[in-house]
Amino acid sequence: MKKIGIIGCGWLGNHIAERLSNQYEIFATTTTESKIEHLQSKGYHTTLVSFPNELNPEMKEWDAVKKLDAIIISVPFSGIRGAQIPMNDKRENLLNFLGNFKGQLFLTSSTGVYPETEKDFTEDDKPAQEVESESFILDKFPQTNILRLAGLMGDQRLLKNYNISNLDLLVNHIHYADICSVVEKMLDNQSQSKVYNVVAPIHPNKEEVINAQKDLPYSGDRTTTGRTISPSKLMSEVDFEFQYPDPRYFHV
């Protein structure tokens, strides 16, 4: 059985691990001691590790690295928009943890790399080498696949459960099940050095999504305020079909 590492077994990392656990032996990391037992109960080899904002001189190569066929990094390394927190040391800690890994590598990035401009963005509008939170890993691991994820939805993550403003804004959302399928397909394809927008191809506005989730009709004029992110490259190059193409029906 092939072996895969998932760095950061939070909400998304957990979903990816569950999807892949029938095909791969899972090696997971967590920052939380209380999660170790839960992850081990699922049969995952679990390592407790954190990536602090200060350089950790004790950070060694993950002892699992040499066994792994692929690694998925599901920990944010882009910082928080508007917060001036230097991320260089945090990133250096990750690079040291990865050691000299030669296998397939995935970094979960965000569609937040695109500016808030009213247009339809493709990957060519923002090459990874121009994005600090992506280029740092490509410089050492050029084989890395960058997945620019839209707003993460699915399960209890539904717009109707949040206090939402700007209801006329178009949404860029993705269901976690489709992220898992993208990873699965790219693993099978042995994809390397790819950059993809992972976002549902239909972009209703927030009010339409909330009304659909509450089973209410939508009677307003449909607005086209805000940017959209295009998944066309993913769909054509990976021959990917979305299980959940429309955010209005993520809950169905």
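The values are calculated or read from the model by the stated rules, or taken from the named source; none is laboratory data. From a predicted model like this one, the values you see are computed outputs, not experimental measurements. Every residue, glycine as well, gets a Cβ built from its backbone with ideal geometry; the counts of neighbours run over all protein chains shown.
Test F97 against the stated conditions and say whether it is out of contact with any helix residue (DSSP H, G or I) (no Cβ under 7 Å at 6 or more places or on another chain), more than 30 Å from A64 (Cβ to Cβ) and not hydroxyl-bearing (S, T, Y).
The answer is no for F97.
Return only the number of the condition from (1) surrounded by fewer than 17 Cβ atoms within 10 Å (Cβ to Cβ); (2) farther than 23 Å from D69 by Cα that H203 does not satisfy.
The number of the failed condition is (1).
Exactly one condition in (1) modelled with pLDDT of 95 or more; (2) assigned to a loop (DSSP other than H, G, I, E, B) is false for E116; which is it?
(1)
Specify the residue that is surrounded by the fewest Cβ atoms within 10 Å (Cβ to Cβ); the eligible residues are those in region 228-245 that are out of contact with any helix residue (DSSP H, G or I) (no Cβ under 9 Å at 6 or more places or on another chain) and not polar (S, T, N, Q).
Within region 228-245, the match that is surrounded by the fewest Cβ atoms within 10 Å (Cβ to Cβ) is E237.
Please name all residue pairs, on different chains or six or more residues apart, with Cβ atoms under 8 Å, provided the first residue is in region 114-130 and is loosely packed, with under 14 Cβ neighbours inside 10 Å and the second residue is assigned to a loop (DSSP other than H, G, I, E, B) and among the basic types (K, R).
Filtered contacts from region 114-130: P115/R227; E116/R227; T117/R227; E118/R227; K119/R227; D120/R227.
I'm trying to understand the selection: among the residues of region 229-252, which are closer than 17 Å to L152 by Cβ and of a type outside the set (A, V, I, L, M, F, W, C)?
P231, Q243, Y244, P245, D246, P247, R248, Y249, H251
Kindly list, by first and then second residue, each pair from a residue in region 182-196 that is at pLDDT 95 or above and part of a strand (DSSP E or B) to a residue that is hydroxyl-bearing (S, T, Y) and surrounded by 13 or more Cβ atoms within 10 Å (Cβ to Cβ), limited to pairs with Cβ atoms under 9 Å and residues at least 6 apart or on different chains.
As it stands, the answer is V195/S109, since those pairs meet every condition given.
Would you confirm whether any residue within region 47-66 is under 18 Å from the mean Cα position of the chain (by Cα) and in contact (Cβ under 8 Å) with a residue 40 or more places away in the chain?
Yes - at least one qualifying residue is present in region 47-66.
Can you name every residue in region 131-151 that is touching a helix residue (DSSP H, G or I) at 6+ places or on another chain (Cβ under 7 Å) and surrounded by fewer than 18 Cβ atoms within 10 Å (Cβ to Cβ)?
Residues satisfying the conditions are S135, K140.
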